[in-house]
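The values are calculated or read from the model by the stated rules, or taken from the named source; none is laboratory data. Source: prediction; values computed, not measured. Here the Cβ positions follow ideal geometry from the backbone for every residue, glycine too, while neighbour counts run over all protein chains shown.
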């Protein structure tokens, strides 16, 4: 099967510099509308990987995201939002980027070209067969990610990937590949755009569906969220007031006592 980098193909638009701001925004929006439809086509693959991640996490494993550049940053973003949103340990979902933490803000030259560093970075976390590693690369050709997944396969560690090209080298290595084919970017080759949006959407699905399956949501509420600012404290108070049919003053006292919405609900129900 042939491999064509559709993410690198020439844009469907030309003479961008001659477009007005309105034309630019309208055309970018037009392209963005196609992304959700592209994601919809791979729901079975996303579901399969989500089910596996859930199974591994229930058995004491962890989820690792591995990427370079924009893809790596998106993995770190998704991982970093799991503890405050779902109240899980920072060590449960871990994002790793080629070039280390420096690369989160600034590009690190040649970091993505290493065929050894990805596995070294994973070993820093004492990775094992209990865990799942998802490689993220819009092109599907990033050596840092591909080589790391190859090493994982040899160690019988479950591997998945999120890419935006069909039949890429990365997809062939990953045991559970997700290929969201978004086509050429508005700006030729700028895969932080549609490809980045597609990757973010898939990451949202993977962790949100997994955390719900792990019991981290009650009804539709984030009852395990970390109460790290006034907005979230007020949201917690509202949750308690609605769930327990109590006034906000009582809810505030409960939350202040138990420091967690779920714990406050359970204790109040046990007392009454």
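Checking 63, 37 one by one, the residue that is at pLDDT 95 or above, surrounded by 13 or more Cβ atoms within 10 Å (Cβ to Cβ) and assigned by TED's automatic domain parsing to the domain that holds residue 133 is 63 and no other. Annotation: of all residues in the stretch 7-25 being surrounded by fewer than 15 Cβ atoms within 10 Å (Cβ to Cβ) and closer than 26 Å to residue 202 by Cβ, the one that is modelled with the highest pLDDT is 25. The residues on offer are 246, 265, 237, and the sole one that is in contact with a strand residue (DSSP E or B) (Cβ under 9 Å, 6 or more places away or on another chain), farther than 25 Å from residue 93 by Cα, surrounded by 14 or more Cβ atoms within 10 Å (Cβ to Cβ) and not assigned by TED's automatic domain parsing to the domain that holds residue 58 is 265. No other residue among 227, 254 is free of Cβ contacts under 8 Å to residues at least 40 places away in the same chain, touching a helix residue (DSSP H, G or I) at 6+ places or on another chain (Cβ under 7 Å) and in a loop (DSSP other than H, G, I, E, B) apart from 227. With respect to residue 178, is the statement that it is touching a helix residue (DSSP H, G or I) at 6+ places or on another chain (Cβ under 9 Å), in contact (Cβ under 8 Å) with a residue 12 or more places away in the chain and in the same structural domain as residue 36 (by TED's automatic domain parsing) true? Against the criterion (touching a helix residue (DSSP H, G or I) at 6+ places or on another chain (Cβ under 9 Å), in contact (Cβ under 8 Å) with a residue 12 or more places away in the chain and in the same structural domain as residue 36 (by TED's automatic domain parsing)), residue 178 qualifies. Taken across the stretch 13-27, residues that are within 28 Å of residue 104 (Cα to Cα) and in contact with a helix residue (DSSP H, G or I) (Cβ under 6 Å, 6 or more places away or on another chain) do not occur at all. Residues in the stretch 216-230: is at least one more than 30 Å from residue 134 (Cα to Cα) and over 21 Å from the mean Cα position of the chain (by Cα)? Yes, the stretch 216-230 has at least one match.
If you go through the stretch 118-133 one residue at a time, do you hit one that is crowded, with 24+ Cβ neighbours inside 10 Å, under 20 Å from the mean Cα position of the chain (by Cα), in the same structural domain as residue 99 (by TED's automatic domain parsing) and under 30 Å from residue 33 (Cβ atoms)? Among the residues of the stretch 118-133, not one is crowded, with 24+ Cβ neighbours inside 10 Å, under 20 Å from the mean Cα position of the chain (by Cα), in the same structural domain as residue 99 (by TED's automatic domain parsing) and under 30 Å from residue 33 (Cβ atoms), which makes the answer no.
Taking the numbered list (1) surrounded by fewer than 20 Cβ atoms within 10 Å (Cβ to Cβ); (2) closer than 30 Å to residue 261 by Cα; (3) without any contact (Cβ under 8 Å) to a residue 60 or more places away in the chain in turn, residue 95 passes all entries but (1). Of all the listed residues (195, 151, 137, 147), the sole one being farther than 22 Å from residue 85 by Cβ and touching a strand residue (DSSP E or B) at 6+ places or on another chain (Cβ under 6 Å) is 137.
One line per residue, one yes/no per condition, for (1) touching a residue at least 40 places away in the same chain (Cβ under 8 Å); (2) in contact with a helix residue (DSSP H, G or I) (Cβ under 6 Å, 6 or more places away or on another chain); (3) within 25 Å of residue 150 (Cα to Cα); (4) part of a helix (DSSP H, G or I):
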position: 185; (1), (2), (3), (4): yes, yes, no, no
position: 190; (1), (2), (3), (4): no, no, no, no
position: 196; (1), (2), (3), (4): yes, yes, yes, yes
position: 199; (1), (2), (3), (4): yes, yes, yes, yes
position: 211; (1), (2), (3), (4): yes, yes, no, yes
position: 215; (1), (2), (3), (4): no, no, no, no
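Pairing residues of the stretch 75-87 that are surrounded by fewer than 18 Cβ atoms within 10 Å (Cβ to Cβ) with residues that are at pLDDT 95 or above, at Cβ distances under 7 Å and at least 6 apart in sequence or on separate chains, gives 80/95.
Among the conditions (1) surrounded by 15 or more Cβ atoms within 10 Å (Cβ to Cβ); (2) out of contact with any helix residue (DSSP H, G or I) (no Cβ under 7 Å at 6 or more places or on another chain); (3) within 16 Å of residue 133 (Cα to Cα), the only one that residue 49 does not satisfy is (2). Looking at the stretch 1-117, the helices (runs of 4 or more DSSP H) lying wholly inside it that each contain 1 or more residues that are touching a strand residue (DSSP E or B) at 6+ places or on another chain (Cβ under 8 Å) sit at 43-58, 69-86, 102-105.
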